[in-house]
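*Asks:* Quick one: the structure is below, questions incoming.
The values are calculated or read from the model by the stated rules, or taken from the named source; none is laboratory data. Just so you know, these numbers come straight off a predicted model, no measurement behind them. Every residue, glycine as well, gets a Cβ built from its backbone with ideal geometry; the counts of neighbours run over all protein chains shown. SASA here: full protein model, heavy atoms, side chains in, ligands and nucleic acids out. Shrake-Rupley method; radii C 1.70, N 1.55, O 1.52, S 1.80 Å.
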Amino acid sequence: MASLTVGAGTEALSYVFVPIGGVLTTASVRHLLHSSELDPVARRFWGTLLVAAAAITVGYGWLAVDMLTHAAQARTRSMPLPAAACVAIGFGVAIWAVARVPVVTTGGVEWWRMVLDRTIAFLGCATVLWYVGLAPMLSAREPWSHQAMALVGLAFLVAVGAATKVSYVAGGPVDRTAIRLVAASGGVTAGIVAVLAVWFGYAGGIAAQAVVMPLTPVLATLGVVAQCRADLGLRRYPARSGLLLPYLAMMAVDVPLLAVAAGAPLSWSVRVVLIAAVVVTTLVGARQFIAFRENARLLRNTRLQEERLQHEVSHDALTGLANRALFRDRLATALATTERVSVLLVDLDDFKTVNDLLGHGVGDRLLVSVAQLLRAEVGDDGLPVRVAGDEFAVLLTGADADPEALAGRLLAALDRPISEHRLLVQASIGIAAALPGATVDSVLRDADVAMYTAKQRGKASFVRYVDGMGEPVLAHMQLGGELRRALDNNEFQVVYQPILRLDDNRVIGVEALVRWHHPARGVVSPAEFIPAAERTGLIVPLGRFVLRETCRQAAAWSSEFGSDALQEAGLNVSARQLHDPDFVSDVTAALADSGLPAERLVLEVTESAVLRGQQVSRTLCELDGMGIRLSLDDFGTGESSLSLLRAFPAAIVKLDKSFVDGIEIDDGQAAAADARQAVARAVLQLAHAFGLDTVAEGIENGDQAAVLRELGYTHGQGYHLARPTTAQGVSRLLARQQTMVAAER
């Protein structure tokens, strides 16, 4: 200011401010690199900028020395080529540093979209800077040197490149504000220098060197400060940016065009602007075309995803059939019309056995095959549905629908092996027709009652619902609820049927049986409540109660009458209990709590229970390893009796009552008598061959006991020998037996 006003000093002094600022900027960048734990990417960026700042500082330092040594020509003297080369190298290195900053990782169409956006933004910004900055410098009345104009152009490139780049940096290791300040350090100063050159010519050089250009190191140093703040976590940015930059750049290209429209001469610099505008417009068209295709693809994918989600919501994932929600919706819609509506409820019989014996994978493939069979048989006449598990349904509408014929076709199709494993599966089918005023729940309830009735009638059949059919089924369901209450209220009692030696009627063991004393109905038959307990799963807690009570009572008898008074105490175990993973631990706890030796406990299982899969087999082998004796109950009634004697770790075989009934009949025909006794004789021989004990069940009279003794049976039980009695009744038998033994001695 002193030089311009009163002529004090020399104009050459204005050239020392830029190199002094450059030294300070170089020192600040070096301090950042040595004092901060930068990310490797950020360290690479600032390390490259350190080289750029050093080169620019050297170049402007060279210029300052040259001007001071030629102070008289300071106003008109050009920048030395070596100095200009150093500054140009510095600007080039800065451009390289900005170019290497990573942006959002993309691929495919998104990558092309970003390339177009960045190109549009770069050309738009460069066109404006060319029109308002560099082109006027080239045509000014007092043009600056070629070196100065080249450096201004490079500064513009740094500014435009950094501005374009920062718009696509998604909060990475290099701070976006720092890059903006680096861009401003080149662009702002270059723009002001260009204005000074156009309006003031050589006289503007003093203000440019002393006031404007020193802003470059100041802004660059502020960029260092911004990077430090970012490293301290004091600044956060959104994940995406730069969406508006291409549009702003496109609008910027239109500014020179507006000037031409307002009457500006069509000079060569304006022609460059027009060419750039055409290129930008072409790129914008390509960008919009890509965006249109991408939007169309996204819209198509969205529709497909919505359709897929809608299908998944309304269809079963395994079989592809409609699910329960869609079934209820379609049934509700059909009931709202006057059409004839029928529902078939299809439940696979004994499907659990497939899962237990062959695994859930085989079971799933069987369900898929059943679903395919349903589609084939139903066709376009109805809606096949997978309701849940192994339960399917079919919705039929229209006057021509014939649910009985469809049920017959389904049962006939299931008579043939299906699935890749060639399995035979049967089904029980319940049919319900919607009456006027029927609801979704009432129709499904009627179909469920009919299906359950079909199962009670022997399975592999279909039943059509009629009025009143639900009463016994409802009673059976209510029985399950009463069982839960009975367990909570201790309404169950354990009674014991003695097992006697046939030669002297001495009690050698007992079989525990459970009785239900209902507060309103009296004693409920086990034949009535045991199936309900099996179906509801309450057989597990009920069996646990019988097990603990039997062990406790057997230990009490041993304590009272001696360890030889009762050799064994047995109880029946269901397949459901053997499937329970806690069953073995329940037995262990019952023995430990009561103190009963394991060899005194007998667990009776049926042949059908033994055949229920690997889990049951493992449980039985584990119990046998504990020393517990296993008894094969109702032997001779199953299909695999002979093979079981080899595979099953049994200690006792109990001859079923059906082979004892009539064994004593003597009609004078020896062949007929031998036939009636053949099974009992064969079972005894097999048991002896395998080293097993035998017990004959269901002895109803003395003649049956005599025949069994003659055949070789030593133990038996039945109403003739002793009826089931309470624990006190058994105690009286043992006391009387103990008295008789003492009298014999």
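*Asks:* If you scale each eigenvalue of the Cα gyration tensor by 5 and take the root, what three semi-axes come out for segment 408-537, rounded to whole angstrom and sorted largest first?
*Replies:* Largest first, segment 408-537 gives 39, 24, 11 Å.
*Asks:* Follow-up. So for segment 480-606, averaging the separation of alpha carbon pairs under 8 Å that are six or more residues apart and normalising by length, what relative contact order in percent results?
*Replies:* RCO, segment 480-606: 24 percent.
*Asks:* Toward the positive end of the charge dipole of segment 526-610, about the Cα centre and with charges on Cβ (Lys, Arg +1; Asp, Glu -1), which of Phe583, Thr606, Gly595 goes farthest?
*Replies:* Phe583
*Asks:* What translational diffusion coefficient, to the nearest whole µm²/s, does segment 432-502 have by Stokes-Einstein, given a Kirkwood radius computed over alpha-carbon pairs, a temperature of 20 °C and 1.002 mPa s viscosity?
*Replies:* Translational D for this selection: 141 µm²/s.
*Asks:* Here's something else I'd like to know. When the dipole is taken about the Cα centre of segment 419-552, and only Lys, Arg (+1) and Asp, Glu (-1) are charged at their Cβ, what size is it in debye, to the nearest 20?
*Replies:* 260
*Asks:* Given Cα pairs under 8 Å that are at least 6 residues apart, what percent is the relative contact order of segment 457-532?
*Replies:* Details: 64 pairs, mean separation 17.8, N = 76.
Normalised by residue count, the contact order of segment 457-532 is 23 percent.
*Asks:* To continue, here is another question. Tabulate in residue order the Karplus-calculated ³J(HN,Hα) for segment 731-744, using 6.51 cos²θ - 1.76 cosθ + 1.60 with θ = phi - 60°, rounded to whole Hz; enter x for Gly and Pro.
*Replies:* 4, 5, 4, 5, 5, 5, 5, 5, 5, 5, 5, 5, 5, 5
*Asks:* Could you work out the relative contact order of segment 666-726, using alpha carbon pairs under 8 angstrom and six or more residues apart, expressed as a whole percent?
*Replies:* Computed over segment 666-726, the figure is 30 percent.
*Asks:* Of all accessible surface on segment 556-634 at a 1.4 Å probe, what whole percent is carbon and sulfur?
*Replies:* Result for segment 556-634: 46 percent of the exposed heavy-atom area is carbon or sulfur.
*Asks:* Based on the alpha-carbon gyration tensor of segment 381-471 and its eigenvalue square roots a ≥ b ≥ c, which shape applies: rounded if a/c is under 1.5, prolate if not and a/b is larger than b/c, or oblate?
*Replies:* prolate
*Asks:* On to the next question. Debye sum, Cα scatterers, segment 675-745, no solvent: what log₁₀ I/I(0) at q = 0.24, 0.25 1/Å?
*Replies:* Those come out to -1.04, -1.07, one per q.
*Asks:* Work out how far the C-alpha atoms of segment 24-82 reach from end to end along every principal axis, then list the three figures in whole Å, largest first.
*Replies:* Computed over segment 24-82, the largest-to-smallest principal extents equal 49, 18, 13 Å.
*Asks:* If amide hydrogens are placed 1.01 Å from N in the peptide plane, which non-local residues have theirs closer than 5 Å to the one on Glu511?
*Replies:* Result for Glu511 returns Gln497, Ile499, Gly570.
*Asks:* Quick one: Karplus J couplings for segment 514-529, per residue in order, coefficients 6.51, -1.76, 1.60, θ = phi - 60°, nearest Hz, x for Gly and Pro?
*Replies:* Along segment 514-529, the couplings run 10, 10, 10, 9, 6, x, 10, 9, x, 6, 9, 5, x, 4, 8, 9 Hz.
*Asks:* Moving on. Please give the net charge around Pro519, taking every other residue with its beta carbon less than 12 angstrom from that of Pro519, where Lys and Arg add +1 and Asp and Glu add -1. Please list the in-between numbers first.
*Replies:* Numbers: positive: Arg485, Arg521; negative: Glu482, Glu491.
In short, 0.
*Asks:* Give the shape of segment 264-402 as rounded, prolate or oblate, defined through the alpha-carbon gyration tensor: a ≥ b ≥ c are the square roots of its eigenvalues, a/c under 1.5 means rounded, and otherwise the shape is prolate if a/b is larger than b/c and oblate if not.
*Replies:* Judged from the Cα gyration tensor, segment 264-402 comes out prolate (a/c at least 1.5, a/b above b/c).
*Asks:* Excluding ligands, DNA and RNA, what is the solvent-accessible area per residue of segment 282-405 at a probe of 1.4 Å, expressed in Å²?
*Replies:* Accessible area per residue, segment 282-405: 54 Å².
*Asks:* Related question: In segment 276-335, what percent of the accessible surface is made up of carbon and sulfur (1.4 Å probe, ligands and nucleic acids excluded)?
*Replies:* Carbon and sulfur atoms account for 59 percent of the accessible area of segment 276-335.
*Asks:* Continuing with this model, one more query. For segment 503-588, take the convex hull of the Cα atoms, compute a quarter of its surface area, and give me that in nm², please.
*Replies:* 7.7
*Asks:* Sticking with this structure for a sec: Quick query: amide H of Gln426 versus all other amide H atoms, modeled in the peptide plane; which residues come in under 5 Å with a sequence gap of 5 or more or a different chain?
*Replies:* Amide H to amide H, under 5 Å and 5 or more residues apart or across chains, Gln426 pairs with Asp349.
*Asks:* Per residue, how much accessible area does segment 501-559 show when a 1.4 Å probe rolls over the protein heavy atoms, in square angstrom? Spell out each step's value before the answer.
*Replies:* On the way: 2500 Å² over 59 residues.
Ligands and nucleic acids excluded, the figure is 42 Å² per residue.
*Asks:* Short version: ³J(HN,Hα) in whole Hz for each residue of segment 683-692, in order, from phi by Karplus 6.51 cos²θ - 1.76 cosθ + 1.60 (θ = phi - 60°), x for Gly and Pro, what are they?
*Replies:* 4, 4, 5, 5, 4, 5, 5, 9, x, 10
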